[in-house]
Amino acid sequence: MADAPDDAAGPPVDIAGRSDPEDSGSESVLTVVVAFCANLLIAVAKSVAAVVTGSASMLAEAAHSWADTGNEVFLIIAQRRAAKPADKEHPFGFGREVYVWSLFAAIGLFAVGAGVSITHGISELVDPEPAGDFVVAYVVLAVSFVLEGISFLQASRQAKRAAATQERDLLDHVLATSDPTVRAVFFEDAAALVGILIATLGIGLHQVTGSPVPDAVGSILVGVLLAVVAVVLIDRNRRFLVGQVADPRANAAAVRALLALPEVERVTELRLEFVGARQVYLTGAVDLTGNPREDEASHVLATLERRLARSRAVVGATLSLSEPQDPAL
């Protein structure tokens, strides 16, 4: 017969967050703050350059940077709201708020960044206006590339460490991570770097040919790029909002951790569902050692649930008894 475990006696069962164990919440905040500062400076510089040069591509880049700056505000709000402690009405905390505000940011990128860029590019094709002071545009784009590169490197460093731990490719990890702020900054900065190259090419062709068409096309291409990035971010946040489970490797690690407990003989069901960045809720079915009586089994399960909930990233757990005919995982 199994002895009822004492929650105070054993350490937390470290099984959760294995899909993002190395992602630090504080580092995510730093990543967003760096991106915000960079984008704010860039947005002001590009806006001035757009007025001075009259370039369609530069205006598209200014709209892009202002959209990114606004998005970082949403991401900062997301971090603060998701960090609120659990209460009676929200016993599992506010972790999913990070996906709500990140979704707002992605929609803003689509509406403001992509919408303004494409609309203005089409307008320039229909009613073109000459541009000038190209040197100003090149200087601003060069400085912007450096600042965006700094922000991108910060997001990449954080994502690369996580990807290496999980033995994933960088892009695969950025798409899979439960931290939407890292994903948003990474993709937005990558799009910003590509957008600057597109804008530079469009402005250069405008200067060389004297035709505003390449400049207008550059604006449209920047808008299409932003639309694609926004759709990807919207889709990822949607998936986590409706319930995204951890990957099979995380589940397998959780099963091994449970089987290592002396009270657990078999695990027949297990599910880790993300309820926030690096936060999961665990449900499962286990077969207890020693075939304890019903009242003892209930106490063992309740104690195990409390131990699981003390883990670094498990916000709650629900365990039930396995059916005899259920196969072990």
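Descriptive notes on the structure:
- Projecting label points 7 angstrom from Cα along Cα→Cβ for Ala142 and Val228 puts them 2.8 nm apart.
- Counted over all Cα-Cα pairs of the range 40-83, pairs farther apart than 16 Å make up 42 percent.
- Subtracting the Cα-Cα distance of Glu296 and Arg81 from their residue separation scaled by 0.36 nm leaves 73.4 nm.
- Here, the chain is characterised by an Rg to Rh ratio of 1.15, where Rg is the alpha-carbon radius of gyration and Rh the Kirkwood radius.
- The range 250-280 residues near the modelled Glu167 label - backbone nitrogen below 19 Å, point 7 Å along Cα→Cβ: 250-257
- Debye intensity ratio in log₁₀ form over the Cα atoms of the range 178-286, taken at each q of 0.12, 0.18, 0.20 Å⁻¹: -0.61, -0.90, -0.99
- Relative contact order of the range 174-279, taken over Cα pairs closer than 8 Å and 6 or more residues apart, is 29 percent.
- C-alpha long axis of helix 134-166 to longest principal axis of the chain, angle in °: 10 degrees
- Average accessible area per residue (Å²) across the chain - probe 1.4 Å, nucleic acids and ligands excluded: 44 Å²
- For the chain, DSSP calls about 60 percent of its internal beta bridges antiparallel.
- Taking the longest Cα principal axis of the chain as reference, the axis of helix 248-259 is set at about 20 degrees.
- Kirkwood-type hydrodynamic radius, the range 59-136: 14.8 Å, calculated from all non-identical alpha-carbon pairs.
- Potential extension, Ser320-Val194 segment - 0.36 nm per residue separation minus Cα distance: 40.2 nm
- Remark on the range 79-220: Rg and Dmax equal 19.7, 66 Å (Cα only).
- Helix 115-126 axis, angle to the chain major axis (alpha carbon atoms, nearest 10°): 20 degrees
- Taking trypsin sites (Lys or Arg not before Pro) across the range 287-329, the ones in a DSSP loop with at most 11 further Cβ atoms lying within 10 angstrom of their Cβ are Arg293.
- In units of the rule-of-thumb radius 2.2 N^0.38 Å, the range 112-174 shows an alpha carbon radius of gyration of 1.74.
- Sorted largest first, extent of the range 144-186 alpha carbons per principal axis (Å): 32, 17, 12
- Per-pair calculated FRET efficiency, R0 = 45 Å: His90 and Ala252 via Cβ, rounded to 0.05: 0.90
- Relative contact order (percent, whole number), the chain, Cα cutoff 8 Å, 6+ residue spacing: 28 percent
- Computed over the range 258-329, the P(r) curve from all C-alpha pair distances, binned at 5 Å from the origin, holds 3, 17, 27, 25, 16, 8, 3, 1 percent per bin.
The values are calculated or read from the model by the stated rules, or taken from the named source; none is laboratory data. Everything numeric in this text was worked out from a predicted model, so none of it was measured. Quick reminder, even Gly has a Cβ in these numbers, built from the backbone with ideal geometry, and neighbours come from all protein chains shown. Please note that ligands, DNA and RNA were not included when accessible areas were found on the heavy atoms of the full protein model with its side chains. Shrake-Rupley method; radii C 1.70, N 1.55, O 1.52, S 1.80 Å.
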